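S.K.: Attaching a single structure in structure tokens format; questions to follow.
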Amino acid sequence: MSLSHALMTSLLEKSSSGYDLARRFDKSIGFFWRATHQQIYRELARMEKAGWIASEAAPDGGRTRKRNYRVLDAGRQELERWVREPSPAPDQRDEMMVRMRADAVIGPLGLEQEVERRMAQHATMLAAYRQIEARDFPADKTLTREARIQHLILKTGIMYEQGWLNWSQEALQVLRDTAPADHPPG
């Protein structure tokens, strides 16, 4: 995925200044697509040059350099084109899995503390996602199609964090077990 497609999606949700877009991005799309504010501003300039978005000076009488951005028809067409493309499966590269393999080969290496540290991070994110879910998608509220899709995206994050917590609990049990195996792996 390119940052430009993520930014156009966000701008279609609400035209805004680069600063406001970056703040909104951090609180929504930023949960699954990370970008620094500097990257966002560079990409906005590139997208404007490509004719996908347009900007105009903020209505503050020129007191700031703030610009408001909106998506043009060419940008909407590009986003539609991109959405229809097949997307590759996510590439899972996690250093922790290599560390676990090393622990399996060499012997107990004390990975419990690292698993616990990661477990705390996943618990924090899960709590944040659950809080967003309770606030934005209460069970007693009828949701629009747009809101149901946004809830599906949030549920992906919830399942991801819950999966890591489940894995971490099992990993801690295995790492703490020092009894020799009856049968070595084949």
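S.K.: Tell me what the chain gives for mean residue ellipticity at 222 nm when only DSSP H runs of n ≥ 4 count, each as -39,500 (n - 2.57), the sum divided by the residue total, rounded to 500 deg cm²/dmol.
M.R.: -20500 deg cm²/dmol
S.K.: If the elastic network links every pair of Cα atoms under 10 Å, which of Ser55, Ser87, Ser16 fluctuates the most in the Gaussian network model of the chain?
M.R.: Of Ser55, Ser87, Ser16, the Gaussian network model singles out Ser87 as fluctuating most.
S.K.: A further question on this structure: So which GluC sites (Glu not before Pro) in the range 102-186 end up in coil per DSSP with only 15 or fewer other C-beta atoms within 10 Å?
M.R.: Filter output for the range 102-186: empty list.
S.K.: Still on this structure: Say each of Val98 and Trp82 gets a label point 7 Å from the Cα, pointing the same way as Cα to Cβ; how far apart are those two points in nm?
M.R.: 3.0
S.K.: What whole-number value in Å² describes the accessible area per residue of the range 36-146 for a 1.4 Å probe?
M.R.: The answer is 78 Å² per residue.
S.K.: Rounded to the nearest percent, how much of the accessible area of the chain (1.4 Å probe, protein heavy atoms only) is carbon and sulfur?
M.R.: Using a 1.4 Å probe with all protein chains present, the chain comes out at 53 percent carbon and sulfur.
S.K.: Roughly how big is the chain's charge dipole about its Cα centre, with Cβ charges of +1 (Lys, Arg) and -1 (Asp, Glu), in debye to the nearest 20?
M.R.: Rounded to the nearest 20 debye, it is 940 debye.
S.K.: At what distance in nm do the modelled label points of Thr36 and Lys155 sit from each other, each positioned 7 Å from its Cα along Cα→Cβ?
M.R.: Label-label distance for Thr36 and Lys155, simple model: 3.7 nm.
The values are calculated or read from the model by the stated rules, or taken from the named source; none is laboratory data. Treat the numbers as computed from the prediction; the structure is a model and nothing was measured. Because the Cβ atoms are built from the backbone with ideal geometry, glycine has one as well, and the counts that use them run over all protein chains shown. Heads up: the accessible areas ignore ligands, DNA and RNA and are worked out on the full protein's heavy atoms, side chains in. Shrake-Rupley method; radii C 1.70, N 1.55, O 1.52, S 1.80 Å.
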